[in-house]
1. With respect to the numbered conditions (1) open to solvent by 30 Å² or more (accessible area, probe 1.4 Å); (2) touching a residue at least 60 places away in the same chain (Cβ under 8 Å); (3) over 17 Å from the mean Cα position of the chain (by Cα); (4) under 23 Å from LYS86 (Cα atoms), which one is the sole condition not fulfilled by GLU201?
2. Does GLU201 fit the bill of being at pLDDT 95 or above and charged (D, E, K, R)?
3. Filter segment 1-19 down to residues that are away from the ligand (no atom under 16 Å from the Cβ), open to solvent by 50 Å² or more (accessible area, probe 1.4 Å) and at pLDDT 95 or above, then give me how many there are.
4. Just one of ASN154, ASN215 is open to solvent by 10 Å² or more (accessible area, probe 1.4 Å) and either under 15 Å from the mean Cα position of the chain (by Cα) or farther than 19 Å from ASN7 by Cβ (or both); which is it?
5. Just the residues that are more than 20 Å from ASN181 (Cα to Cα) and either small (Gly, Ala, Ser) or without any contact (Cβ under 8 Å) to a residue 24 or more places away in the chain (or both), please, taken from segment 228-251.
6. Exactly one of (1) closer than 28 Å to LYS23 by Cα; (2) out of contact with any helix residue (DSSP H, G or I) (no Cβ under 9 Å at 6 or more places or on another chain); (3) of a type outside the set (A, V, I, L, M) is unmet by HIS184. Its number?
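The values are calculated or read from the model by the stated rules, or taken from the named source; none is laboratory data. Just so you know, these numbers come straight off a predicted model, no measurement behind them. Neighbour counts run over all protein chains shown; Cβ positions are idealised from the backbone, glycine included. Protein only, heavy atoms only, side chains kept; ligands, DNA and RNA dropped before computing areas. Shrake-Rupley method; radii C 1.70, N 1.55, O 1.52, S 1.80 Å.
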Amino acid sequence: MKHIIANWKMNKTKEEALSFVQKLSFFLETNNYNKCNISIAPPFVHLPVLYNTNNSFNLIAQNVSVENFGAFTGEVSAAMLKDYVKHVIVGHSERRKYFNETNELLYKKIKILLENSLCPVFCFGESIHARNKGDYLDFIERQLEDVIMLFSQNELSNILLAYEPVWAIGSGSSANELQINEVHTFVRDLIEKKYGSMYAEKIPILYGGSCNSDNTSIILRQPNVDGLLIGGASLSNDHFHQIIQLANSLD
Ligand code: PGA
């Protein structure tokens, strides 16, 4: 089963969101896409609206507060989200960059999600600087060790990973299959070393960064890729439907 997640980021008004999901639901209901697990991560404010219209795909939250409740203006807690979603994106590079989210904070966010029976989709990936310097695998290892590898085997089985090289996000060109393979294999090996092969085989590792209908098939054909996290190309029904169609046609 491939995970196909649309990360809308801060895009779409309520009307646009409703129109999108109406078309998507029709598309999913008239085709039998049983090899993909489709999810949409809209802005928070649309979650209740879309929740009430939908049953053909999952909803995902783009962020969560590190606190459970209280005087934290503008924040949304895991306890509030769990009425609408089962998964929450954590550690997206835009949150790390624009909102100074550190590995320490991300660890706390994941902890609070797991305590609320929610599944984190943990994003990690190297900067262009680390890629050019050549120490990107060390960079990635640190990101994983400082956050998800602090959790137990049991907790890890509720976490999805998404490799998102920062230099590929929104750039129009994704990492190539060699680069994706190298990192995904490296990450699975790391998990295997600490948690054993049973857990390593099961943990979904998605790829994100300029996915589109031209590169979907080649990326999803890589042995250690379990799905896609899609930004820009998930905003248009046509592009998103094409990606689903391609993902579902793979063996
Ligand atoms: P992109 O974004 O597909 O627009 O590169 C992916 C992401 O940031 O999750």
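1. (2)
2. Spelling it out, it is not the case that GLU201 is at pLDDT 95 or above and charged (D, E, K, R).
3. The number of residues fulfilling the criteria is 5.
4. Details: ASN215 fails: either under 15 Å from the mean Cα position of the chain (by Cα) or farther than 19 Å from ASN7 by Cβ (or both).
Checking each option against the conditions leaves just ASN154.
5. GLY231, GLY232, ALA233, SER234, SER236, ASP238, SER249
6. Result: HIS184 fails condition (1) only.
Per-residue answers, yes or no, for (1) open to solvent by 10 Å² or more (accessible area, probe 1.4 Å); (2) touching a helix residue (DSSP H, G or I) at 6+ places or on another chain (Cβ under 6 Å); (3) in contact (Cβ under 8 Å) with a residue 60 or more places away in the chain:
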position	(1), (2), (3)
ILE60	no, no, yes
GLU67	yes, no, no
HIS87	yes, no, yes
LEU106	no, no, no
LEU113	no, yes, no
